[in-house]
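Please read the structure below before turning to the comments.
The values are calculated or read from the model by the stated rules, or taken from the named source; none is laboratory data. Since the model is a prediction, treat every value here as computed from it, not as a measurement. Cβ atoms come from the backbone with ideal geometry, glycine included; neighbour counts cover every protein chain shown.
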Amino acid sequence: MEIQIITTGGTIDKLYFDAQSEFQIGDPQVIEVLREAHVTIPYTVQQLMRKDSLDLTDADRRLIRDTIAAAPHRHFVVTHGTDTMLATARALHALRDRVIVLTGAMQPARFRFTDAVFNIGCAVMAVQLLPPGVYVAMNGRIFDPRTAVKNRAQNRFETPA
């Protein structure tokens, strides 16, 4: 099994420049995270775009879907901004013969205290264990993107009761 990791930008890759929260999307941080964690499963990383998820368009979601559909791999981790991660996950649901796990972070991976490392680790483990489908790995849980919501007040994902 080889995992294809597709990066799209989002907070996980953000670089902040000043106290006014000016930022830009930097290089994919998943590469450094996996290197530091000594991940030995074969993987490739493809940087597809560098966008805040609020700036993603339907055309961007089609590009993500078409890239996954055309790839020879069957296991994918997609790093993505959390604001529209669920919309992108829902746009990928037609790809039924693949295991696709989207993940991101509430704080940039470059920050000392970040959820990025944990979320990436959960996504890499999940993509190896889950049956074909589309999932979101955040906050130590696996979510069905058709029913999950982002609770902005609590800064987490959850499934409403």
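Structure values in brief
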item: Residues of the stretch 101-146 classified as under 14 Å from PHE76 (Cβ atoms) and polar (S, T, N, Q), total; result: 2
item: Selection from the stretch 107-161 of residues that are part of a loop (DSSP other than H, G, I, E, B), within 17 Å of THR88 (Cα to Cα) and hydrophobic (A, V, I, L, M, F, W, C); result: ALA148
item: Residues that are modelled with pLDDT of 95 or more, touching a Cys at 6+ places or on another chain (Cβ under 9 Å) and over 18 Å from ARG96 (Cβ atoms), drawn from the stretch 139-152; result: ARG141
item: Qualifying residue in the stretch 85-93 (condition: β-branched (Val, Ile, Thr), in contact with a Lys or Arg (Cβ under 9 Å, 6 or more places away or on another chain) and not in a helix (DSSP H, G or I)); result: no
item: The stretch 62-85 - residue that is among the hydrophobic types (A, V, I, L, M, F, W, C) and over 16 Å from THR7 (Cβ atoms) and, of those, surrounded by the fewest Cβ atoms within 10 Å (Cβ to Cβ); result: ALA70
item: Within the stretch 86-134, tally of residues that are of a type in the set (S, T, N, Q), crowded, with 17+ Cβ neighbours inside 10 Å and modelled with pLDDT of 95 or more; result: 2
item: Set VAL101, VAL134, VAL127, VAL77: member being farther than 19 Å from LYS51 by Cα and touching a helix residue (DSSP H, G or I) at 6+ places or on another chain (Cβ under 6 Å); result: VAL134
item: Identity of the residue in the stretch 24-46, among the β-branched types (Val, Ile, Thr) and exposed (fewer than 12 other Cβ atoms within 10 Å of the Cβ), that ends up farthest from GLY121 (Cα to Cα); result: THR44
item: Enumeration of residues in the stretch 69-115 that are aliphatic (A, V, I, L, M) and without any contact (Cβ under 8 Å) to a residue 60 or more places away in the chain; result: ALA69, ALA70, ALA87, ALA89, ALA91, LEU92, ALA94, LEU95, VAL99, ILE100, VAL101, LEU102
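Each row is one residue, and each column tells you yes or no for (1) among the aromatic types (Phe, Trp, Tyr); (2) part of a loop (DSSP other than H, G, I, E, B); (3) at pLDDT below 85.
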residue: ILE5; (1), (2), (3): no, no, no
residue: ILE12; (1), (2), (3): no, no, yes
residue: ILE41; (1), (2), (3): no, yes, no
residue: ALA59; (1), (2), (3): no, no, no
residue: ARG65; (1), (2), (3): no, no, no
residue: VAL77; (1), (2), (3): no, no, no
residue: THR82; (1), (2), (3): no, yes, no
